[in-house]
Every structure is written in C-alpha cells, then in structure tokens.
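Below is one structure, written out as structure tokens; the observations come after it.
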Amino acid sequence: MVVGLGRFGTAVCESLVRQGVDVLAIDTDERRVQKYADELTHTVVADATDGEAMRQLGVGSVDRAVVAIGSDIEASVLSVITLHEAGVDRIYAKAITRKHGKILASIGADHVIYPEYVMGQRVAHMVTDGVADYLEFDDEFAIARCSAPVETWDRSLADSGVRTRHTITVVGIKPPGAPFTYAVPETVVEEGDELVVSGRVGDVERFVALPRASRA
C-alpha cells in the first residue's frame, strides 16, 4: 500500500509494479487517483488518517505500507498512527526533516526515509569528477560507481593492492562499451574502466577522489 501519489509516491508505485508487486495506491486527490488508475494495480480515493476508511479497505492484511506524504506533516503523522493501529506489518514513511523523522519513528514507522537528503548526497558526490553514482547507508557504509583511478591502470586488482591500501572492495568493473562484470583479484583494470566500489564512507570518498587524469 502506498499513501500519497505525489512524485515520490508515484515513483515508488511504478517501481513496485515493474517488479510485479500488487499495489494499492490511495490519495485524497481524485484527479491524481484517476491519472494513475490505468498504470497501477489498484487506486482508491481515500484518507489514510480515517481509521474506519482504512478498515473498510482491509489495510490490516497489507504486508507493507509506504506513507509518501511529505509536505503535510500532520497528515503524515496521523497516517502512520492509523496504519500502525490497523495492524500493518511494516510501515515505511517519508520525512522532510530529522524532527519529522523522529516523530514518525516514535509512533510506529519501522523505516524512515529522507529522499531529499539522500538525493542531495548522491548529487554532491556525482558532481565530483569521475563519480557516476553514490549511495550511502545509515551505518557509515557506502557504494560508489566511479572511473578507475590512474594507480589502478594496467594492473590486476591483486597487484595494485586496492583493498589493502585503501580499505575498499572493488565489487564490479565495466570496460567502455561492455557490461559490468564481477571483479576478482585477477581482474585487470584499464584506463577508461568504471568501477563499483564499497566500504566505509570515508574510505570510499578518499578512493573516488584519487587522480584520474589521462597519462596523455
């Protein structure tokens, strides 16, 4: 179940449908519901803060719910309370501030999501030369997609000692025009290759900052 068909909620719904998941999407705005009626599994005009309406929809049998309301904090909070009281197994809720997130967590949200903060982090790293994508987790762990630094060129991962020297793991490698493949110690890195690396946030940030200038 997804509550709220704004940009975030719609993106969640569309991704779930592509994965073959049955989705019940609700919103108080009839125009939004009608707009996505043909694209999503089920769409209903309903108020998630109305306990009786939620019971009539049978939300107690819903495995997971995403409260995608952001700007209306009161509606966000009341929706989480209503779904929690209705017996929804797991609730994911969007927050726009840390304070908002703490409130949601204290009233029944199992996972609090900060989409603007997460996207801000990704963009901040992506504008750095050589970084194509970046994802940071709550436990100080990160994954990044970046162009291979000069010190790794024409050498296997074992020879360059990337894991030992930088305390990161090269998960995958993508030569130009070729698909990603899993990296092994014998994998040879060439100029122009892209790497997927993982490790502690500080270690990953230092690795993606290494020189990548062409030898020319």
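The values are calculated or read from the model by the stated rules, or taken from the named source; none is laboratory data. What you see is a predicted model; the values in this text were computed from it and never measured. Counting neighbours? That spans all protein chains shown, and the Cβs are built from the backbone with ideal geometry, glycine included. Just so you know, the surface numbers come from the protein's heavy atoms only, side chains and all, with ligands and any DNA or RNA stripped out. Shrake-Rupley method; radii C 1.70, N 1.55, O 1.52, S 1.80 Å.
Just a few scattered comments:
- Accessible surface, the chain, averaged per residue in Å² (probe 1.4 Å): 56
- One decimal place: the segment Glu39-Gln56 gains 3.8 nm when fully extended, by the rule 0.36 nm per residue minus the C-alpha distance.
- Fraction of alpha-carbon pairs over 26 Å apart in segment 13-138 - percent: 28
- Calculated on the alpha-carbon coordinates, the convex hull of segment 36-110 measures out at 89 cubic angstrom per residue.
- Normalised by 2.2 N^0.38 Å, where N is the number of residues, the C-alpha radius of gyration of segment 160-216 stands at 1.12.
- Each listed q (0.18 Å⁻¹) maps to a log10 I(q)/I(0) for segment 1-82, found by the Debye formula over equal Cα scatterers with no solvent: -0.67.
- Rounded to 5, the percent of DSSP beta bridges in the chain classed as antiparallel: 60
- Cα→Cβ-extended label distance, 7 Å offset, between Val184 and Ala132, nm: 2.3
- GNM remark for the chain: springs join alpha carbons under 10 Å apart, and the peak mean-square fluctuation among Tyr114, Tyr134, Tyr182 falls on Tyr182.
- Kirkwood Rh in Å, taken over all unlike Cα pairs in segment 99-216: 15.4
- Once Rg and the Kirkwood radius are both taken over the C-alpha atoms of the chain, their ratio Rg/Rh works out to 1.11.
- Here the Gaussian network model covers the chain, with springs between Cα atoms less than 10 Å apart; of Arg55, Arg145, Arg122, Arg55 fluctuates the most.
- Radius 11 Å from Cβ of Pro115, net charge of other residues (Lys, Arg +1; Asp, Glu -1): +2
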